[in-house]
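The values are calculated or read from the model by the stated rules, or taken from the named source; none is laboratory data. Every value quoted in this text rests on a predicted model; they were computed, and no experiment measured them. Cβ coordinates were reconstructed from backbone atoms using ideal geometry, including for glycine residues, and neighbour counts include every protein chain displayed.
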Amino acid sequence: MATTLSRRQFLATTAAVGASTLLPATATAGTNQPHGSGPRWDRFLILIELDGGNDGLNTVIPYDVAEYKGTGSVPSRRPNLKYGFSQLSATYLGTAPYATANSAVSTTQPFALHPSMTHLMSAWNPSNLDTHDLAIVLGVGYTNPNLSHFRSMDIWNGGCDPNAFPANNWLGRLFAQPSVASTKPADLTAHGVLLSRYSSNPLRNAGVGYLAMSKPDEFVKRSLAMDDVVPGGASPHLQHLLTTWHEVHSASGSFRDSLMTLKVGASPGSRSGVDYNYTPAAMTSAGITFNPDNDFELRCQSIAEIIATNRAAVTDALKLKIPVYKVQIGGFDNHSSQKAKHAELLAQVSSAMASLRAALKLHGLWERALIMTYSEFGRRVEENGSAGTDHGSANCQFLMGGGIKGGFYGAQPGLWRQSWNSQTDDLDDRGNLKATVDFRNLYATAATWLGLPYASDPYMGSATPLACFA
């Protein structure tokens, strides 16, 4: 079984790489802590990065708010981008908290998902708590938001204050803590797999191993061609390189044994990728609709296939033991002609999340999984002159998993504005949404799921997990 790979180690050789609470969460919920304590190496966290800044107001839609829909006295801030209830009836969610400094606006508003996100409605079932496993977190962000794509994503990956520059990122720091590192299983394949651009990496830490790839079969075929080496050498740099080489070789062997089958007539133990067929667990069942022509959905399918090696029917030696997966979908930075492009992107996200849920249910692993979305920022309240939106601040995010108690958490920031710098305005002094949930509370929730001690982290120690576990 493979040993772990550090960021530097993996990238050095392989060509196979393709807080504090602002407002408390509001929802009826169970305990903050999942059952058990200490690191949970048998659980899975799937991170979906919505790259470019997703438009939260057109994802979880407060369609009845005057500033959104427009009334006789209040013009719509989104005359071309808005959706009315007649377009949203199939994705109606219910009412949720609405944070406002202006008492003329109700504190409870109705919401609906974007009409292209119908796939997720199977996970929104308040009448049956066994299948109500989608949590919608409103108003996620941080104070003094940075509206640069690159800097804001650095802040999100770092899990830090906007004025901090940590050497390592949030998951990397948590996995490297001595109380966690000392419990790492000897047969851990890696701490994580990045099926997206590896430069955006919450696992970054020299002591944490992750694999970066585009597809598992391509990783195997490329890495198998590398002859194994014995780590060592007088030079520490050479020793580092040879250790890396050996670990990549070992990891590829684990993926080969778990996900591939030797072709008829091929020599046993062959190191040639052409001698193997990719034979992961079947992904054909109701609700599994990964689009074979869509790269993002295919990468999500690969995540399901890797996790499925942990199903009960697989012997322990063939299980790929990897707790974290990260995938990215770009295209959300829509400064013009947003409506159709945004609808297509959200359809892909919705389909992929629902298919991951169905696939892991099929293989009896959904109760061990948590899916979490994140994006560097949201969009402005008002549309611009090109039927798009510019960089904004607070946003909605999704948590979905077999251990989640579905419902709304946090509060939608209000949209009302009287004048610049008015203390009664809902918006900040730049006209953007005010966050009601610090994004590190989202991370503390994910850390709690994995049993990682976020409270001792220098940047996330004051975060509060959402009370969303069933």
Filtering the range 118-130 for residues that are surrounded by 22 or more Cβ atoms within 10 Å (Cβ to Cβ) and either more than 19 Å from the chain's Cα centre (by Cα) or farther than 19 Å from K361 by Cβ (or both) leaves a count of 0
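Would you kindly identify the strands (runs of 3 or more DSSP E) lying entirely within the range 362-448 that contain at least 2 residues that are of a type in the set (S, T, Y)? Before you say what the answer is, go through the steps one by one.
Values: elements: 369-374, 395-401, 407-410.
So the answer is 369-374.
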Could you run through the range 412-470 and say how many residues are modelled with pLDDT of 95 or more, of a type in the set (D, E) and surrounded by fewer than 24 Cβ atoms within 10 Å (Cβ to Cβ)? 1
Name the residue that is surrounded by the fewest Cβ atoms within 10 Å (Cβ to Cβ), counting only residues in the range 306-319 that are in contact with a Leu (Cβ under 8 Å, 6 or more places away or on another chain) and under 20 Å from G209 (Cα atoms). N310
Within the range 229-245, residues more than 16 Å from A206 (Cβ to Cβ) and surrounded by fewer than 21 Cβ atoms within 10 Å (Cβ to Cβ) come out as V229, V230, P231, G232, G233, A234, S235, L238, L242
Looking at (1) over 21 Å from the mean Cα position of the chain (by Cα); (2) of a type outside the set (S, T, N, Q); (3) under 17 Å from I136 (Cα atoms), which is the one condition that is false for M400? (1)
Quick one: count up the residues across the range 311-328 that are in contact with a Gly (Cβ under 9 Å, 6 or more places away or on another chain) and either under 25 Å from G378 (Cβ atoms) or among the polar types (S, T, N, Q) (or both). 3
Name the residue, out of W156, W170, that is closer than 19 Å to F377 by Cβ and touching a Gly at 6+ places or on another chain (Cβ under 7 Å). W170
Could you tell me which numbered condition V349 fails, if it satisfies all but one of (1) under 15 Å from the mean Cα position of the chain (by Cα); (2) over 19 Å from C396 (Cα atoms)? (2)
If we ask which residues in the range 94-130 are in a loop (DSSP other than H, G, I, E, B), at pLDDT 95 or above and among the hydroxyl-bearing types (S, T, Y), their number turns out to be 1
When you look at P280, is it over 21 Å from R222 (Cα atoms) and not hydrophobic (A, V, I, L, M, F, W, C), yes or no? no
Test: residue in the range 213-221 that is charged (D, E, K, R) and within 30 Å of S152 (Cα to Cα): yes
T107 - would you say it is hydroxyl-bearing (S, T, Y) and either within 25 Å of the chain's Cα centre (by Cα) or under 16 Å from S350 (Cα atoms) (or both)? no
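Considering only residues that are polar (S, T, N, Q), under 25 Å from the mean Cα position of the chain (by Cα) and surrounded by 12 or more Cβ atoms within 10 Å (Cβ to Cβ), which ones fall in the range 259-291? I'd like the intermediate steps shown before the answer.
Within the range 259-291, the first condition is being polar (S, T, N, Q), and the residues that meet it are 261, 267, 270, 272, 277, 279, 284-285, 289, 291.
After this cut, where a residue has to be under 25 Å from the mean Cα position of the chain (by Cα) as well, the list is 284-285, 289, 291.
Within the range 259-291, S285, T289, N291 qualify.
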Quickly run through the range 246-258 and pick out the residues that are surrounded by 21 or more Cβ atoms within 10 Å (Cβ to Cβ) and polar (S, T, N, Q). S252, S254, S258
For the range 322-359, how many residues meet the condition of being of a type in the set (V, I, T) and part of a loop (DSSP other than H, G, I, E, B)? 1
Selection over the range 34-93 where residues are closer than 24 Å to Q301 by Cα and part of a strand (DSSP E or B) yields a count of 7
